[in-house]
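The structure appears right after this line, and notes come after that.
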Amino acid sequence: MSISPPQEQLWWNEPIPKSELIWITTAFLWGLVMFFAMIYWHIAGEQNLSNEAYRTTPEAFAAKTEAMIAKYKVREEGGYPVVHPLPGEDVYLIGRLWQWWPILELEKDQTYRLHISSMDYMHGFSLQPVNINLQILPGYDMVLTVTPDKTGELGIVCNEFCGIGHHTMLGRLYVVDHP
Ligand code: CUA
């Protein structure tokens, strides 16, 4: 049992059985494969974007989001404000039980700083169908620098289980031509 001290005090001098050595080597090599796969996929996969993370609070993040909505709201859809910020602006998206708030409308070929944070628990930001994934945590401002290259409607799915309404936590993001 591991809770009792080892019989041999200098246990690190004991020879390692061959089977254990094979497992350690296999696990180490597989770890290396997975490590380099992350780097490869970042470059080749177009899905693991570089993101930055900063400390924030739900209150501070909500205040920035509300300020953006007040400034750039263009219409409403099903109770959700649709926000069309100026190109180059910082845009904010809130994840909370159980919605992505608000609906963002971005312009094609323009670059934005997209900030995402949670108001309560962990959520998963999954942008479909492009399949960009990001873990969203309360207290952290996750920032992506994005340049949408196609017009259309993208879906935002929550891909971290966050309770009874998890499957209803769907959002929308529009990419439009410059008006
Ligand atoms: Cu939010 Cu699942």
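The values are calculated or read from the model by the stated rules, or taken from the named source; none is laboratory data. Just so it is clear, the structure is predicted and the values come from calculations on it, not from any experiment. Methodologically, a virtual Cβ is constructed for each residue, glycine included, from the backbone with ideal geometry; neighbour enumeration extends over all protein chains shown. Protein only, heavy atoms only, side chains kept; ligands, DNA and RNA dropped before computing areas. Shrake-Rupley method; radii C 1.70, N 1.55, O 1.52, S 1.80 Å.
Inter-label distance, His178 to Val74: 1.4 nm, where each label sits 7 Å from its Cα along the C-beta direction. Remark: spin-label model distance Leu21-Thr145 equals 4.9 nm, labels positioned 7 Å along the Cα→Cβ axis. Electrostatic bookkeeping for Asn51 treats Lys and Arg as +1 and Asp and Glu as -1; over the other residues with beta carbon under 13 Å from its beta carbon, the sum is -1.
Go ahead and estimate [θ] at 222 nm for the chain from helices alone: -39,500 (n - 2.57) per DSSP H run with n ≥ 4, summed, over the residue count, rounded to 500.
Details: 2 runs with 42 residues, N = 179.
Helix-only estimate at 222 nm: -8000 deg cm²/dmol.
Across the accessible surface of the chain, with the other protein chains kept in place and a 1.4 Å probe, carbon and sulfur atoms take up 62 percent. The gain in end-to-end length when the Tyr40 to Ala53 segment is fully stretched comes to 2.5 nm, 0.36 nm per residue minus the alpha carbon separation. Secondary structure note: in the chain, about 70% of the DSSP beta bridges are antiparallel. Extension gain, Gln9-Glu66: 0.36 nm per intervening residue step, less the Cα-Cα distance, totals 14.2 nm.
The angle between the Cα long axis of helix 18-44 and the main principal axis of the chain comes to about 20°, on a 0 to 90 degree scale. Ordered by 1.4 Å accessible area with all protein chains kept, His42, His178, His166 run largest first as His178, His42, His166.
Normalised by the number of residues in the chain, the mean separation of alpha-carbon contacts (under 8 Å, six or more apart) gives a relative contact order of 20 percent.
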